[in-house]
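Student: The structure is given below, and queries will be raised subsequently.
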Amino acid sequence: MLDKKEKELVDLARKASENAYAVYSGYKVGAALQTAAGKIYTGCNVENASYSLTNCAERTAIFKAVSEGEKEFESLAVYVQSDTLFPPCGACRQVIAEFSDDMTIIYANQNKVVKSNIKKLLPESFKLS
Ligand code: THU
C-alpha cells in the first residue's frame with residue numbers, strides 16, 4: 001500500500017514517461033527519485049540507434065540528481081506505459097545500490113503497482129567500500 005507521497009512519486013514517474021525517447025522498443029518509461037533533502041528528480045529512457053547506448057529512466061533520474069550534488073535517496077518510482085510490468089533492470093539495480101542499501105523501489109504500470117526495495121531486488125550487491 002502506498003502513502004500519499006509515494007502515490008505522488010508514481011504520478012511524477014508517469015508524467016516523466018511522456019518524455020521517453022523510445023522509438024525502437026516502444027516502451028516508454030519514466031522515473032521519479034525522492035531525495036533525503038526533499039527534492040524530486042525525474043528521468044525517462046533515452047534510446048539510441050546503437051541500442052546498447054540506451055539509458056534507462058532510473059539511471060537518467062539518478063545521474064541528474066548526482067550531477068546536481070545529491071547523493072542521499074529515499075525512494076524511486078518507475079512507471080512503464082505498457083501492459084508488461086517490469087522492475088528495474090540489472091544495470092539500474094547496480095547503480096541504485098551504489099547509493100543506497102535500502103531504498104524503496106516502486107514499479108508500476110496502469111494496472112498494477114509493486115512496492116519493493118533495493119535490498120530485495122539486489123541482495124549481496126557488488127561494492128568497493
Ligand atoms: N528500460 C528502462 O527505462 N528501465 C528499466 O529498468 C528497464 C528497461 C527501458 C530501456 C529501453 O528503452 C526499454 O525500456 C526496453 O528495454
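Student: If amide hydrogens are placed 1.01 Å from N in the peptide plane, which non-local residues have theirs closer than 5 Å to the one on I106?
Tutor: L76, A77, V78, S116
Student: Moving to a separate point now. What is the chain's relative contact order, in percent, from Cα pairs under 8 angstrom and six or more apart in sequence?
Tutor: On the way: 279 pairs, mean separation 27.3, N = 129.
It rounds to 21 percent for the chain.
Student: For the chain, which span is the longest to avoid every loop-located (per DSSP) member of trypsin sites (Lys or Arg not before Pro) having at most 10 other Cβ atoms inside 10 Å?
Tutor: 1-111
Student: If you project the alpha carbons of the chain onto their three principal axes, what span does each projection cover, largest first, in Å?
Tutor: Principal axes ranked by extent give 37, 34, 28 Å for the Cα atoms.
Student: May I ask you to order 99-108, 73-82, 18-27 by the average number of other C-beta atoms within 10 Å around their residues, highest value first? Write down the numbers at each step before the final one.
Tutor: Details: 99-108: 18.8, 73-82: 23.9, 18-27: 14.2.
Highest-to-lowest ranking by the protection proxy: 73-82, 99-108, 18-27.
Student: What are the ³J(HN,Hα) couplings of segment 73-82, residue after residue, when phi is run through the Karplus curve with 6.51, -1.76, 1.60 and θ = phi - 60°? Round to Hz, x for glycine and proline.
Tutor: Once rounded to whole Hz, the list reads 10, 9, 7, 9, 10, 10, 10, 10, 7, 7.
Student: What ranking of L122, L12, L33 emerges when the number of other C-beta atoms within 10 Å of each C-beta is taken as an exposure proxy, fewest first?
Tutor: With the sparsest Cβ surroundings first, the list reads L122, L12, L33.
Student: For the chain, give the share of DSSP beta bridges that are antiparallel, in percent and rounded to the nearest 5; count only bridges with both residues there.
Tutor: Numbers: 18 of 24 bridges.
Antiparallel bridges: around 75 percent, rounded to the nearest 5.
Student: What value, in deg cm²/dmol to 500, does the helix sum -39500 (n - 2.57) over DSSP H runs of n ≥ 4 give at 222 nm once divided by the residues of the chain?
Tutor: After summing the helix terms and dividing by residue count, I get -9000 deg cm²/dmol.
Student: Taking a threshold of 21 Å on the Cα-Cα distance, which of the pairs K28/K119; K5/K39; K39/K71; K39/K127; K7/K127; K7/K112 fall above it?
Tutor: Flagged as over cut-off: K28/K119; K39/K127; K7/K127.
Since every read-out is calculated from the coordinates, none of them should be taken as a lab result. Owing to the predicted nature of the structure, the values given are computational and were not obtained by experimental measurement. So basically every Cβ, Gly included, is an ideal-geometry build from the backbone, and we count neighbours across all protein chains shown.
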